[in-house]
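First comes the structure, then the notes that go with it.
Here, each number is a calculation from the coordinates, and none is a lab measurement. This structure is a prediction, so every number in the text was calculated from the model and none was measured. All Cβ positions, even for glycine, are placed from backbone atoms using ideal geometry, and neighbour counts span all protein chains on display.
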């Protein structure tokens, strides 16, 4: 038996409405107690949390990795305070068969974050034949998605939704009308016109959301809209929530900071899907986050090699390596007064756990797994080529300075970052 005690940390746990300085006891891989400790508890190790915040481990709803780099990215995630991550299906890593889901499950035994595979809705992500979702769930898939590809045939999408609803399976949707978004690489507006690049209008997202919402209402499926990028999508989501539809939504952290103005020099590091939108969209996304229309923040982590980005903008591979900047960029939202610490952790941990219906995780209560992080607001961090751990260095936030840093991370009570003092 291993016993540890974190003392005098400022614990922030929205799930318990906890926001105070207290002690937290850990026994083996579980949290034993918060605040008042059992009289019989004798810690083998004491960790001084004075002046630091203690948060539940972050749960990232959108991580794009392959079997080849999964272990490395999971280790990097843990270093950044992400203790659980959802890995969605991609063209290069389609999880549409039990064997593939089982393979991802085996990779969960690693030195990093817990990995939750997201199964494909359709075979090969081609949008034609439904996958064996129940079998995939039994093999470990936590939700189902068609990745960045839309299911064009509305009848097929309806059948997928009906089947998922019958077994209370969660469906993740990255909304993009396949015809309006076809071949586009930037937001449709003044910048796309000036640069002469093929564009994706905001309506590509909002029209697909409108179509999906009608099917959600028809079928009753639990659905989560991933990586909302356009302000006009928020009104649709808010009205659907008011009607009682079982939906939630998240936003990628880079859409809260960057806009299409950043693309003006054709730098492919800003090539992402969905594309960076206008300054107005960014402002509306921030307001939607504060008001609760948007439930969570994800990294949309997508490591891309040097060769994939050293191409003309529209031919380059879209994606930002974002898991290491998820918390630092989110903390800037607190610094600016957009969110409180409690509201932020709700978006990064508490709500993702609820969305995924995780029986454990997202909170710091007794009998919960010891997935947690210590954050020192007095530390500083600069992201550089030397200290980035991801297999991809494709981040527009390179050389940014951040106030605060993660100093310790535990996953199931196992130390992934930091040092212990007895």
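Considering the convex hull of the alpha carbon atoms of region 320-381, report its projected area averaged over all viewing directions, in nm², one decimal.
5.4
I'd like the distance between the alpha-carbon centres of region 135-205 and region 366-398, rounded to an integer number of Å.
Cα centres, region 135-205 to region 366-398: 29 Å.
Using a Gaussian network model on the chain with a 10 Å cutoff between Cα atoms, which of 175, 296, 15 fluctuates the most?
Maximum fluctuation in the GNM of the chain, among the listed residues, is at 15.
Using the C-alpha atoms of region 361-402, what convex hull volume per residue, in cubic angstrom, is computed?
In region 361-402, the Cα hull volume divided by residue count equals 122 Å³.
To test your reading of the geometry: what angle, between 0 and 90 degrees and rounded to tens, separates the Cα axis of helix 326-335 from the longest principal axis of the chain?
Roughly 80 degrees between the two axes.
What's the FRET efficiency of residue 290 with residue 99 using the Cβ-Cβ distance as r and R₀ = 41 Å, to the nearest 0.05?
0.40
Counting other beta carbons within 10 Å of each residue's own, what order do 257, 179 fall into, fewest first?
179, 257
Please list the radius of gyration and Dmax for region 299-422, considering alpha-carbon atoms only, with Å as the unit.
Cα radius of gyration and Dmax of region 299-422 are 16.6, 54 Å respectively.
Applying a 10 Å radius around every beta-carbon, put 213-224, 38-49 in order of their mean neighbour count, most first.
Numbers: 213-224: 18.7, 38-49: 13.7.
Per-residue mean Cβ counts within 10 Å order the peptides as 213-224, 38-49.
Take peptides 391-399, 136-144, 374-382 and line them up by average Cβ neighbours within 10 Å, highest first, as a rough protection proxy.
Those peptides, ordered most packed to least, come out 136-144, 391-399, 374-382.
Nearest 10 degrees is fine. How inclined is helix 279-291 to the longest principal axis of the chain, computing both from alpha carbons?
Once rounded, one gets 50 degrees.
Please report, in Å, the Rg and the Dmax of region 247-291, where both are computed over Cα atoms only.
In Å, with Rg to one decimal and Dmax whole: 11.2, 38.
Tell me whether region 144-246 comes out rounded, prolate or oblate; compute the Cα gyration tensor, take square roots of the eigenvalues as a ≥ b ≥ c, and use a/c under 1.5 as the rounded threshold.
Verdict is prolate for region 144-246.
Take the Cα gyration tensor of region 1-108, multiply each eigenvalue by 5, square-root it, and list the three semi-axes largest first, rounded to whole angstrom.
Whole-Å semi-axes of the equivalent ellipsoid: 35, 15, 12.
Residue 384 to residue 267: FRET efficiency via 1/(1 + (r/R0)^6), r the Cβ-Cβ distance, R0 22 Å, to the nearest 0.05?
According to the calculation, E is roughly 0.75.
For region 57-355, what's the radius of gyration and Dmax over Cα atoms, in angstrom?
Here Rg and the maximum Cα pair distance are 17.9, 50 Å.
Please rank 297, 123, fewest neighbouring Cβ atoms within 10 Å first, as an exposure proxy.
Working: 297 29, 123 15.
If I rank by nearby Cβ atoms, fewest first, I get 123, 297.
Among 340-347, 285-292, how do they line up from the highest to the lowest mean number of other beta-carbon atoms within 10 Å?
Descending mean neighbour count gives 340-347, 285-292.
How much length, in nm to one decimal, is gained on full extension between residue 342 and residue 67, taken as 0.36 nm per residue of separation minus their Cα-Cα distance?
Using 0.36 nm per residue and subtracting the Cα-Cα distance, I get 95.5 nm.
Round to the nearest 0.05 the FRET efficiency obtained for residue 40 and residue 17 when R0 = 22 Å and r is the Cβ-Cβ distance.
Rounded to the nearest 0.05, the efficiency is 0.20.
If you fit an axis through the alpha-carbon atoms of helix 203-219 and take the longest principal axis of the Cα set of the chain, what angle between them do you get, 0 to 90°, nearest 10?
The helix 203-219 is inclined about 70 degrees to the chain.
For a quick check: sort 21, 82 by the number of other beta carbons within 10 angstrom, fewest at the front.
Ascending Cβ contact count within 10 Å gives the list 21, 82.
Could you let me know the centre-to-centre spacing of region 256-335 and region 50-64, using Cα atoms, in angstrom?
19
For a label point 7 Å from the Cα of residue 367 along Cα→C-beta, name the residues of region 1-35 whose backbone N is under 13 Å from it.
Flagged as within label range: 31-33.
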